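**Q** Below is a structure I'd like to ask you about.
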Amino acid sequence: MPALYAYAPGKVILTGEHAVVYDQPAIAAPVNEVRARAAIEANPDAETGKVRIIAPDISLDTSLGDMPADHPIATVFREVKQELGIDALPALTLTVSSTIPIAAGLGSGAAISVAVSRALSAFLGTPLSDESVSRIAFETDHYYHGTPSGIDNTVISYARLVFFTRGKPIEMLTNAQPFTLVIADSGEKSLTGKVVHGLRTRVEIDPQRYRPVLEKIGTISQAARDAILEGDMIRLGILLSDNHFQLQQLGVSSTNLDQLVRIAHEAGALGAKLSGAGSGGNMIALVKSTDAHQVASALLSAGAVNTIVTTVPRS
Ligand code: PMV
């Protein structure tokens, strides 16, 4: 039997990171230029239930039974079996790989969970819905984040531009115009759980200072939603830059990220901001498609370790 493959894209947050944890809206887009892949093959020579997990990128070759119960891949297996009402698995080998940079705010963890959920459920004969796959990826995100808002698993499972507010129905955004983003990696690793926890402590100590900033970011996401629906890229750029300023006020930017945002503006971007948890990781610049190359080059010259140019198609 040939291997069965499933894929999931990376993602960027356009507006609203951190504020989304405090029930404000946020907007995220799939990034199809990078992706996670899960391949499942039957292993007829092994005993029933023997599951081998291989992840060459991180030199992992183990059996499911030897993984900690809270490991994201172990969680996906448990959740998929439960969702499909299956007790015993046939012997199989799962190979996971990804081109999504790790710990950079591009959703690598959620994408792996989505790809594995899809491959495993299809292998077992009942492909799961986007909604179920998203729920399972949300469960696994606790491992990385502690208290995830749910935006990563949502945008990656549905692979659509989403306007997301915790606890509310997801709105798939229809963008009147395709738009181009340059994503640049600052080269500093960012641990989402740590950054989210640090902000939570600051909010608890000084709510009068931080709560209004979180609310302002919510207002920016609302306005960015309207700009996207109207295809007003100039306005969207201004909103992204304003969002970066607010993230600086929250204390989640870094010297490198601020520098890359400044360089993007100087190179002609319509707007720029950090994207994801911050304190390292990636920044994004909204650009006219004809300016993408010059903005990416300027960011690389200023110390970015990698750039990805992605176009969010009209939907
Ligand atoms: O996974 P990251 O690094 O893109 O961060 C997610 C965005 C946060 O709002 C900071 C956390 C969350 O759970 O939404």
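The values are calculated or read from the model by the stated rules, or taken from the named source; none is laboratory data. Bear in mind that the values here come from a model prediction, so they are computed numbers and not experimental data. Backbone-built Cβ (ideal geometry, glycine too); neighbour counts: all protein chains shown.
Residues checked against (1) under 17 Å from the mean Cα position of the chain (by Cα); (2) closer than 14 Å to Leu14 by Cβ; (3) not hydroxyl-bearing (Ser, Thr, Tyr):
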| residue | (1), (2), (3) |
| --- | --- |
| Lys168 | no, no, yes |
| Leu181 | yes, yes, yes |
| Ala184 | yes, no, yes |
| Gln208 | no, no, yes |
| Glu215 | no, no, yes |
| Thr219 | no, no, no |
| Ala227 | no, yes, yes |
| Leu239 | no, yes, yes |
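**Q** Considering only segment 121-137, how many residues are more than 16 Å from the chain's Cα centre (by Cα), crowded, with 16+ Cβ neighbours inside 10 Å and within 16 Å of Asn153 (Cβ to Cβ)?
**A** Count: 3.
**Q** Looking only at segment 186-213, how many residues end up being at pLDDT 95 or above and acidic (Asp, Glu)?
**A** 2
**Q** Just need a number here: residues in segment 55-74 that are hydrophobic (A, V, I, L, M, F, W, C) and either buried (at least 19 other Cβ atoms within 10 Å of the Cβ) or under 30 Å from Ser275 (Cα atoms) (or both).
**A** 5
**Q** Now for a separate question. Search segment 223-280 for residues being more than 16 Å from the ligand (Cβ to nearest atom) and part of a strand (DSSP E or B), and hand back the single one that is farthest from Gly105 (Cα to Cα).
**A** Gly271
**Q** Has segment 97-113 got any residue that is more than 16 Å from the ligand (Cβ to nearest atom) and not polar (S, T, N, Q)?
**A** Scanning segment 97-113, I find no residue that is more than 16 Å from the ligand (Cβ to nearest atom) and not polar (S, T, N, Q), so the answer is no.
**Q** Collect the residues in segment 15-35 that are surrounded by fewer than 24 Cβ atoms within 10 Å (Cβ to Cβ) and within 8 Å of the ligand (Cβ to nearest atom), keeping them in residue-number order.
**A** Scanning segment 15-35 gives a single hit, Val21.
**Q** Kindly provide the set of residues from segment 115-174 that are within 12 Å of the ligand (Cβ to nearest atom) and charged (D, E, K, R), ordered by number.
**A** Asp141, Asp152, Arg166
**Q** Only one of Gln177, Gln208 is away from the ligand (no atom under 11 Å from the Cβ) and assigned to a loop (DSSP other than H, G, I, E, B); which?
**A** The conditions single out Gln177.
**Q** Any residue at all in segment 182-200 that is of a type in the set (Asp, Glu) and crowded, with 19+ Cβ neighbours inside 10 Å?
**A** yes
**Q** What number of residues in segment 84-113 are of a type outside the set (Ser, Thr, Tyr) and surrounded by 18 or more Cβ atoms within 10 Å (Cβ to Cβ)?
**A** 13
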